[in-house]
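The values are calculated or read from the model by the stated rules, or taken from the named source; none is laboratory data. These figures come from a predicted structure and were not determined experimentally. Ideal geometry is used to build each Cβ from the backbone, glycine not excepted, and the neighbour counts take in all protein chains shown. Please note that ligands, DNA and RNA were not included when accessible areas were found on the heavy atoms of the full protein model with its side chains. Shrake-Rupley method; radii C 1.70, N 1.55, O 1.52, S 1.80 Å.
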Protein chains: 2
Amino acid sequence: MKTEWYLVKPGKKMSLADYDANDNGKLEKDETNEKLLKLKQELNLLQTQLYADRCYALLIILQGMDTSGKDGVCKQVVSAFNPQGVQITSFKVPTAIEMAHDFTWRVHRVVPPHGMVGIFNRSHYEDVLVQRVENIVPKEVWSKRYRTINDFEKMLTDNRVILCKFYLHIDQEEQRLRLQDRLEDPTEHWKFNISDLKARAKWDEYRKAYEAALMRCSTDEAPWYVIPANRKWFRNYLIASILKERLQALDLRWPPLEDGTVGITIE
Amino acid sequence: MKTEWYLVKPGKKMSLADYDANDNGKLEKDETNEKLLKLKQELNLLQTQLYADRCYALLIILQGMDTSGKDGVCKQVVSAFNPQGVQITSFKVPTAIEMAHDFTWRVHRVVPPHGMVGIFNRSHYEDVLVQRVENIVPKEVWSKRYRTINDFEKMLTDNRVILCKFYLHIDQEEQRLRLQDRLEDPTEHWKFNISDLKARAKWDEYRKAYEAALMRCSTDEAPWYVIPANRKWFRNYLIASILKERLQALDLRWPPLEDGTVGITIE
């Protein structure tokens with residue numbers, strides 16, 4: 001499995017039809033789940049170095065249709081990290097205070113500081129997705145936001161925030177099964193939200209909006225990845241693999257002792 | 001092992017000399033570590049119900065001398081929870097903005113909302129510990145704070161914030177070993193802070209300040225526990241056991257489907 005294959009090439013046309021939501025990278029489920037356990041240990045070590053080093057932040061952006069597995073990635077992949085070095089923010093319908101600001105304001109406040117891993121469960125991309133599809137703002141407003149997003153993200157990456165953006169790609173039939181599950185399993189009832197059906201009815205419009213965001217906002221520094229997500233085990237493994245590659249590329253080192261503390265004996 | 005034994009009885013005199021930092025509850029290490037794995041799965045389930053239910057918050061306060069294991073508890077116990085339902089705050093030396101407010105201000109802002117687990121790595125108790133021992137504020141200021149803390153915590157528990165306060169109890173020799181380790185192990189260098197030695201030199205004064213805080217602020221609703229913490233495996237197991245008891249006492253249930261969504265078939 002090559003992670004580059006799942007990267008949205010900056011400046012190129014793309015279509016989600018070219019990505020198979022059932023893709024399993026030709027891997028075996030059981031074997032891959034075992035590999036994931038080892039990968040998670042490696043991620044834990046890399047994150048401890050990121051935390052100790054305080055030179056970089058890692059920001060993971062999770063987007064995808066309802067039931068695509070954003071919460072699942074938090075539970076099954078992000079759990080690899082020491083929770084003390086992690087801050088997860090779920091962005092909901094904007095509050096009145098948030099609406100009174102520009103759309104990057106609420107996300108900027110919770111960008112992880114150096115040393116930390118931040119996870120955005122939904123993000124500023126909602127402002128070119130739901131806001132576009134549901135006509136919450138007119139085209140002349142949302143159409144300018146792609147540029148704003150690229151500028152904002154460039155500022156972050158210039159400041160050593162490593163950006164990993166994952167679009168979780170499921171198909172409509174998989175969403176149907178998952179929503180029905182929530183209705184039938186008493187331990188899942190709380191996840192069911194009737195308004196999810198409204199978004200489901202606009203599947204093709206959302207898909208078009210996602211394609212625009214992926215195409216216009218995948219950059220060399222802040223690339224988008226399309227993660228086939230019908231198979232949760234493959235989704236987890238692919239994301240963990242990409243995170244490992246990105247963290248390894250930083251060539252993190254354990255910080256040395258500070259001057260004046262070498263050779264001390266504690267009394 | 002009875003968890004009540006480790007509880008600081010409200011309104012009673014107590015001395016830390018009565019607690020053995022080496023206490024292992026007469027348990028075996030390997031067996032207990034295996035039990036901890038099962039306990040963590042149970043905690044994960046209970047937390048998912050807390051999250052789904054959104055009626056209670058759980059606030060865990062960790063206090064203890066340097067190297068007593070506050071970070072270790074985050075890594076080894078708090079990791080049981082789904083990270084999406086957890087927010088950890090480490091309180092450092094107050095900033096200028098924090099200093100311009102009353103001492104509960106900075107902690108109040110990050111009290112977990114219903115459904116969430118909050119962890120305070122250090123807390124408002126620093127304001128009757130370091131601020132008392134280091135004479136940062138005069139006695140007439142810090143001596144009023146015990147009452148303020150009890151009032152503040154009563155307000156929280158009245159609002160269904162479940163408070164678990166853990167004092168991690170190590171002895172001076174154990175701290176010596178742990179500090180020396182940080183100087184010798186290259187993967188631990190970043191944890192060594194020369195100012196820890198200044199606090200170590202005032203061991204007895206800190207101990208007295210801890211005893212005052214534990215005695216005056218252990219209440220029926222927001223009790224303090226003294227956690228023997230020389231043995232990390234026992235510390236982890238005891239804390240996980242107490243958390244399980246406190247969460248089980250809430251008798252959490254999976255929320256039912258909302259009206260109008262029963263019997264729906266997804267198209």
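Can A:N150 be described as polar (S, T, N, Q), modelled with pLDDT of 95 or more, outside any helix (DSSP H, G or I) and open to solvent by 40 Å² or more (accessible area, probe 1.4 Å)? It is false that A:N150 is polar (S, T, N, Q), modelled with pLDDT of 95 or more, outside any helix (DSSP H, G or I) and open to solvent by 40 Å² or more (accessible area, probe 1.4 Å).
The number of residues in the stretch A:153-174 being acidic (D, E) and more than 29 Å from A:D23 (Cβ to Cβ) comes to 1.
Counting the residues of the stretch A:177-233 that are without any contact (Cβ under 8 Å) to a residue 24 or more places away in the chain and in a loop (DSSP other than H, G, I, E, B) gives 7. For B:C217, the criteria (1) open to solvent by less than 30 Å² (accessible area, probe 1.4 Å); (2) closer than 17 Å to B:K70 by Cα hold in every case but one, which is (2). Of all residues in the stretch A:107-123, exactly one satisfies the criterion of being in contact with an Asp or Glu (Cβ under 9 Å, 6 or more places away or on another chain) and either buried (at least 19 other Cβ atoms within 10 Å of the Cβ) or facing another protein chain (nearest Cβ under 8 Å) (or both), namely A:N121. Within the stretch A:179-207, the set of residues being within 30 Å of A:L58 (Cβ to Cβ) and more than 14 Å from every other protein chain (Cβ to nearest Cβ) comprises A:Y206, A:R207.
This table checks each residue for (1) free of Cβ contacts under 8 Å to residues at least 40 places away in the same chain; (2) farther than 13 Å from A:I61 by Cα.
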position	(1), (2)
A:V117	no, no
A:D127	yes, yes
A:F152	no, yes
A:M155	yes, yes
A:Y167	no, no
A:Q175	no, yes
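Taking the stretch B:234-267 as the range and being more than 14 Å from chain A (Cβ to nearest Cβ) and assigned to a loop (DSSP other than H, G, I, E, B) as the test, the residues that pass are B:A249, B:L250, B:D251. For the stretch A:238-265, which positions are farther than 30 Å from B:R200 by Cα, open to solvent by 30 Å² or more (accessible area, probe 1.4 Å) and not hydrophobic (A, V, I, L, M, F, W, C)? Within the stretch A:238-265, A:K244, A:E245, A:R246, A:Q248, A:D251 qualify. Among the residues of the stretch B:53-70, is there at least one that is among the aliphatic types (A, V, I, L, M), more than 7 Å from every other protein chain (Cβ to nearest Cβ), out of contact with any strand residue (DSSP E or B) (no Cβ under 7 Å at 6 or more places or on another chain) and over 18 Å from B:E188 (Cβ atoms)? No.
Residues that are open to solvent by 10 Å² or more (accessible area, probe 1.4 Å) and under 19 Å from the mean Cα position of the chain (by Cα) are absent from the stretch A:178-201.
With the requirement that a residue be open to solvent by 20 Å² or more (accessible area, probe 1.4 Å) and either touching a Phe, Trp or Tyr at 6+ places or on another chain (Cβ under 9 Å) or under 30 Å from B:N159 (Cα atoms) (or both), what does the stretch B:220-237 give you?
Answer for the stretch B:220-237, where residues must be open to solvent by 20 Å² or more (accessible area, probe 1.4 Å) and either touching a Phe, Trp or Tyr at 6+ places or on another chain (Cβ under 9 Å) or under 30 Å from B:N159 (Cα atoms) (or both): B:D220, B:E221, B:Y237.
Residues checked against (1) within 14 Å of chain A (Cβ to nearest Cβ); (2) closer than 22 Å to B:Y237 by Cβ:
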| residue | (1), (2) |
| --- | --- |
| B:P138 | no, no |
| B:Y146 | no, no |
| B:N150 | no, no |
| B:T157 | no, no |
| B:K165 | no, yes |
| B:L168 | no, yes |
| B:L177 | yes, yes |
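Scanning the stretch B:77-96 for residues that are closer than 23 Å to B:S195 by Cα and hydrophobic (A, V, I, L, M, F, W, C), which turns out nearest to the other protein chains (Cβ to nearest Cβ)? So the residue we want is B:F91. Applying the set (1) surrounded by 14 or more Cβ atoms within 10 Å (Cβ to Cβ); (2) assigned to a helix (DSSP H, G or I); (3) more than 20 Å from the chain's Cα centre (by Cα); (4) of a type in the set (V, I, T) to B:V137 leaves exactly one unmet item: (2).
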